[in-house]
Amino acid sequence: MIPTGPNLSERYSAALAHYLADPDEDVLNQAYELGRKALGDGLGVLDIAMVHHGALQAAICDESRAEMMPAPAIAKAAEFFAESMSPFEMSFRGLILANDRLLQSQATAEAANRELEAFSYSVAHDLRAPLRGIDGFSQALLEDYADKIDEEGRRHLNFLRESAQRMGRLIDDLLGLSRVARAELCRLPVDLSVLARNVAAQLGNAEPDRQVEIVIGDGIGAEGDAPLLRIALENLLGNAWKFTSKRTAARIEVGTMSVDGDTVYFVRDNGAGFDPAYEAKLFGVFQRLHSTREFEGTGIGLATVKRIVSRHNGRIWATSEVDRGATFYFTLGDGTPRP
Ligand SMILES: Nc1ncnc2c1ncn2[C@@H]1O[C@H](COP(=O)(O)OP(=O)(O)OP(=O)(O)O)[C@@H](O)[C@H]1O
Ligand SMILES: [Mg+2]
């Protein structure tokens, strides 16, 4: 038990004696302040019970009140009270300890995460320069030594360039993921309908020959970080656009619904779909259920979306059937931003 110190005990005794003699409000305020100080000093309920016990005893010793308070009975009652408070005290102290440990491990995990992110960022960043060298010098070989390299050699060099460029895209996507994790999160009211329409227009402009019916509900409001939510929609709509590319009547829908009082946003398409048994895997880095021959991609998009949704304290999940389209759902949490 933490010693209460003479100061607190004496002040408590004086205040109690005063209150017993003259029960006015001001003294009760003093009792409240003393309780606050005790809590601030790290004392528990049992400590306060002991202080109270001591103060009562002191008051009983005061001859003038001897008759008013039968001393042995009050002392026994105080002991009984302290004993009955012990379990509360123990669980209270246990809770404080558990909470301290939780905060400590949370801080350690967050520091490790930040370190890992900084590490991946600089690794990815430093990989770009040598890659540019590989691609650039392969191109120089192809151009400057065209007459000295035969057909087979040129094919190999072209493979080399394609691989370097693909790795460059992977690095860019990883850097994007890392940036999303580090960016400052700023929650404000956002019109997701407007964001989704902009993204859809961008997709349409990039492939004007495709006929896709895109239905976006009006006034889909959210509280969130607009630039991050735009990245999330770019990935979700980009996937819907890509995985409907083999449909003659492609359709994409963006909407919202209410589930148990929570707003759930969704992006639905009628494209290639996926085997729902692998739904949880999709949100991991480099997890793809379609080959790059079938559909291009690096497998970082959904990991990025998941990171954005988690940073908003939200959840993301998907439903699908092979060849029968897919729906991606997400929530955006309660407004308490995560680090
Ligand atoms: N709308 C969808 N319909 C069917 N499968 C999907 C859909 N969205 C995602 N998937 C599956 O989840 C995988 C992971 O998606 P993700 O967006 O992370 O990667 P990607 O689109 O392949 O590549 P990128 O990094 O360029 O986004 C996809 O490869 C695909 O197998
Ligand atoms: Mg994608």
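From the Cα gyration tensor of region 214-259, with a ≥ b ≥ c the square roots of its eigenvalues, which class applies: rounded if a/c is under 1.5, or else prolate if a/b is larger than b/c, or else oblate?
oblate
Angle, helix 151-182 long axis vs. longest principal axis of the chain, Cα atoms, 0 to 90°, nearest 10?
That works out to roughly 20 degrees.
Measure out, as a whole number of angstrom, how far apart the alpha-carbon centroids of region 188-231 and region 289-304 sit.
The distance from the Cα centre of region 188-231 to that of region 289-304 comes to 21 Å.
Considering only protein heavy atoms and a probe of 1.4 Å, how much of the accessible area of the chain is carbon and sulfur, as a whole percent? The partial results should precede the final answer.
Values: 11650 of 20540 Å².
Reported share for carbon and sulfur atoms: 57 percent.
Rounded to the nearest 5, what is the percent of antiparallel bridges among the DSSP beta bridges in the chain?
80
Could you tell me how many degrees, from 0 to 90 and to the nearest 10, lie between the Cα long axis of helix 226-243 and the main elongation axis, the longest principal axis, of the Cα atoms of the chain?
40
Residue separation times 0.36 nm, minus the C-alpha to C-alpha distance between Arg154 and Leu28: what's the value?
So the extension gain works out to 36.2 nm.
Taking the Cβ of Ala232 as the centre, find all other residues whose Cβ is under 12 Å away and add up their charges (Lys, Arg: +1; Asp, Glu: -1).
Net charge in that neighbourhood comes out at +2.
Which of the peptides 99-110, 323-334 is most tightly packed, and how do the rest follow, judged by the mean count of other Cβ atoms within 10 Å per residue?
Answer by packing, highest mean first, reads 323-334, 99-110.
What FRET efficiency, computed as 1/(1 + (r/R0)^6) with R0 = 56 Å and r the Cβ-Cβ distance, is obtained for Ser245 and Ile96, rounded to the nearest 0.05?
0.45
Dipole of region 1-182, Cα-centred, from +1 at each Lys and Arg C-beta and -1 at each Asp and Glu C-beta, to the nearest 20 debye?
700
One quarter of the convex hull surface, Cα atoms only: what value does that give for region 1-182 in nm²?
Average projection, Cα convex hull of region 1-182: 17.8 nm².
Based on DSSP H runs of at least 4 residues, each adding -39500 (n - 2.57), what is the mean residue ellipticity at 222 nm of the chain after dividing by all its residues, to the nearest 500 deg cm²/dmol?
On the way: 8 runs with 200 residues, N = 339.
Roughly -21000 deg cm²/dmol at 222 nm, from the helical runs in the chain.
Only Cα pairs within less than 10 Å get springs; with that Gaussian network setup on the chain, which residue of Gly284, Gly54, Gly271 has the largest fluctuation?
Answer for the Gaussian network model of the chain: Gly54.
Return the distance in nm (one decimal) between the two label points of a simple spin-label model at Arg293 and Asn198, each offset 7 Å from Cα along Cα→Cβ.
3.9
Taking a quarter of the surface of the Cα convex hull of the chain, what do you get in nm²?
28.2
Calculate one ³J(HN,Hα) per residue across region 319-331 by plugging θ = phi - 60° into the Karplus curve 6.51 cos²θ - 1.76 cosθ + 1.60, and present them in order as whole Hz with x for glycine and proline.
With coefficients 6.51, -1.76 and 1.60, one gets 10, 6, 9, 4, 6, 10, x, 9, 10, 9, 10, 8, 10 Hz.
According to the square roots a ≥ b ≥ c of the eigenvalues of the Cα gyration tensor, what is the shape class of region 258-308, taking rounded for a/c under 1.5, prolate for a/b larger than b/c otherwise, and oblate for the remainder?
prolate
Return one number: the angle in degrees, 0 to 90 and rounded to the nearest 10, between the long axis of the Cα atoms of helix 25-40 and the longest principal axis of the Cα atoms of the chain.
50
Provide the net charge surrounding Ala49, with neighbours chosen by a C-beta distance below 11 Å and charges set as Lys +1, Arg +1, Asp -1, Glu -1.
Cβ neighbours under 11 Å give a net charge of -4.
With every protein chain left in place, what is the accessible area per residue of the chain in square angstrom, probe 1.4 Å?
Values: 20540 Å² over 339 residues.
Spelled out: the 1.4 Å probe surface of the chain, per residue, equals 61 Å².
The values are calculated or read from the model by the stated rules, or taken from the named source; none is laboratory data. Just so we're clear, the structure is a prediction, and the values are computed from it rather than from any experiment. Glycine gets a Cβ as well: all are built from the backbone with ideal geometry, and neighbour counts include every protein chain shown. Accessible surface areas use protein heavy atoms only, side chains included; no ligands, DNA or RNA. Shrake-Rupley method; radii C 1.70, N 1.55, O 1.52, S 1.80 Å.
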